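The values are calculated or read from the model by the stated rules, or taken from the named source; none is laboratory data. Because the structure is a prediction, the values reported are computed rather than measured. For neighbour counting, all protein chains shown are included, and Cβ atoms are generated from backbone atoms with ideal geometry for every residue, glycine included.
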Amino acid sequence: MALEPGARLGAYEIRSQLGAGGMGEVYRAHDSRLARDVAIKVLHPSAEGGRSRLWREAHATADGAPAARLRASRYANGKTHYRGR
């Protein structure tokens with residue numbers, strides 16, 4: 001599911017794609033409610049164990065340097081959205 005710049009996911013406006021891999025794509029987006037940029041990972045429907053793996057990634061990243069901390073902000077329409085903290 002490739003998202004084009006300007007596409008919207010709820011309050012998030014996609015700005016650009018940051019990367020892609022076997023599990024899904026990562027996009028830079030703007031959160032209009034909080035007026036800041038966020039990272040959104042969109043899982044491929046075929047990503048086996050994707051949701052649980054995504055949570056493990058978030059927990060592992062949160063154990064790193066404070067500037068790299070992420071937290072889950074919401075899960076909607078089959079996607080977990082993360083935002084920088």
All positions within segment 1-46 that are small (Gly, Ala, Ser), at pLDDT 90 or above and crowded, with 16+ Cβ neighbours inside 10 Å: ALA29
I'd like the residue in segment 29-63 that is part of a strand (DSSP E or B) and among the β-branched types (Val, Ile, Thr) and, out of all such residues, is farthest from LEU9 (Cα to Cα). VAL38
Output for Cβ contacts, cut-off 8 Å, separation at least six or different chains, first residue within 20 Å of ARG51 (Cβ to Cβ) in segment 8-27, second acidic (Asp, Glu), reads TYR12/ASP31; GLY19/GLU25
